[in-house]
There are 2 protein chains.
Amino acid sequence: MISLEQQKNPNPEDFPSELEGLRMTKQRREVLAVILAERDHPTANDVFTRAQERMPTISLATVYNCLEALVSHSLVRQVNFERESSRYCPNLSDHCHFQDEKSGKIHDVVFKGGVKLEDLLELPQGTKISHLEISLKGRFGK
Amino acid sequence: MISLEQQKNPNPEDFPSELEGLRMTKQRREVLAVILAERDHPTANDVFTRAQERMPTISLATVYNCLEALVSHSLVRQVNFERESSRYCPNLSDHCHFQDEKSGKIHDVVFKGGVKLEDLLELPQGTKISHLEISLKGRFGK
DNA sequence: GTCGAAATTTGGAATTATTCTAATTCGGAA
DNA sequence: TTCCGAATTAGAATAATTCCAAATTTCGAC
Ligand SMILES: [Mn+2]
Ligand SMILES: [Mn+2]
Ligand SMILES: [Zn+2]
Ligand SMILES: [Zn+2]
């Protein structure tokens, strides 16, 4: 796994020309920079709006294309809550998501040291897990 | 939590006239019976098709209405995998879902005794979880 | 640098699961 | 039986996402 530092204003031009085997085009750089700039799990449309500020000609279809490329090359994670629109997360470390029902905001939740989820589940011998998603909703304690 | 026996051909007319505070109409009985009849996590459209066999006049809108009523009264669980259409599950006990990538079929996965997910997560003190969904994808071991 | 091929981007149309609307029907209480 | 609120219905609307075909960009070979 690679590590892209998260900074307030990542400069898209600082990304190498290829990441995880994915050619970094101008648009992909911009989309990635937008996602790295904040940890707020934006939707595709949020990303589109923010990308337009620096690249007014980018299209929504391209944002979807870029997101799918970045996700499939493990540069960004896709996050789903029930039937809401997908959100995108720059945190590549092992974590899951909590949505505060009051604000709607999504927060990263990390696992306590050393525990593997697979240890908790009665899975048939030899099962290979390729994808795992844990989503929580609730309220922060007062 | 109530316990509705799962049988090959549940008879909708055997359900009481009210369950968990929800008035059981003819259509709600039929939708519930369809879901109880198999443990295969049907989509709304699957439920619609099956319900039509015994009730040819039922509409898809009604199936959606019934599903939402049953889910909100905790008689049925709604199950989501990424952006796929929602599926419905009659198993009200604590479990999560595994989708076999080969067949697309969804299987219930139970938690090993005594472990609480919250024990694994670094959640802020006092957080109240109102909803939790764990979805796995992968292959069964050969 | 030029050329052609392949990849990417783009605007707009298409898709599709789900929700909404407004009219009709139903069902239980009085 | 009548009445009234709830439920059902058909069909239209919605909206996130995907698809399409044309235009543009990038890349490697020369
Ligand atoms: Mn995924
Ligand atoms: Mn739910
Ligand atoms: Zn995250
Ligand atoms: Zn289930």
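The values are calculated or read from the model by the stated rules, or taken from the named source; none is laboratory data. Keep in mind that this is a model prediction, so the values were computed, not measured. With ideal geometry, Cβ positions are generated from the backbone for all residues, glycine too; neighbour counts draw on all protein chains shown. Please note that ligands, DNA and RNA were not included when accessible areas were found on the heavy atoms of the full protein model with its side chains. Shrake-Rupley method; radii C 1.70, N 1.55, O 1.52, S 1.80 Å.
Brief remarks on what is shown
- Looking across the range A:73-96, just one residue is within 14 Å of ligand 1 (Cβ to nearest atom), among the small types (Gly, Ala, Ser) and facing chain B (nearest Cβ under 10 Å), and that is A:Ser86.
- Residue in the range B:76-92 that is out of contact with any Pro (no Cβ under 6 Å at 6 or more places or on another chain), away from DNA strand D (no atom under 16 Å from the Cβ) and small (Gly, Ala, Ser) present: no
Residue-by-condition table, conditions (1) more than 22 Å from A:Phe81 (Cα to Cα); (2) assigned to a loop (DSSP other than H, G, I, E, B); (3) open to solvent by less than 60 Å² (accessible area, probe 1.4 Å):
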site	(1), (2), (3)
B:Pro10	yes, yes, yes
B:Pro16	yes, yes, no
B:Glu30	yes, no, yes
B:Ala51	yes, no, yes
B:Val71	no, no, yes
B:Ser85	no, yes, no
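- Set side by side, the residues A:Leu136, A:Leu75 differ, and just one is more than 16 Å from ligand 4 (Cβ to nearest atom), modelled with pLDDT of 95 or more, open to solvent by less than 10 Å² (accessible area, probe 1.4 Å) and in a strand (DSSP E or B), which is A:Leu136.
- Within the range A:87-97, the set of residues being open to solvent by 30 Å² or more (accessible area, probe 1.4 Å) and part of a strand (DSSP E or B) comprises A:Arg87 only.
- Among the residues of the range A:30-75, the ones that are touching a helix residue (DSSP H, G or I) at 6+ places or on another chain (Cβ under 7 Å) and more than 24 Å from A:Ile106 (Cα to Cα) come to 4 in all.
- Residues that are modelled with pLDDT under 90 and open to solvent by less than 30 Å² (accessible area, probe 1.4 Å), drawn from the range B:105-119: B:Leu117
- Filtered residues of the range A:98-133 (kept if without any contact (Cβ under 8 Å) to a residue 12 or more places away in the chain, more than 7 Å from every other protein chain (Cβ to nearest Cβ) and outside any helix (DSSP H, G or I)): A:Ser103, A:Gly104, A:His107, A:Gly113, A:Gly114, A:Lys116
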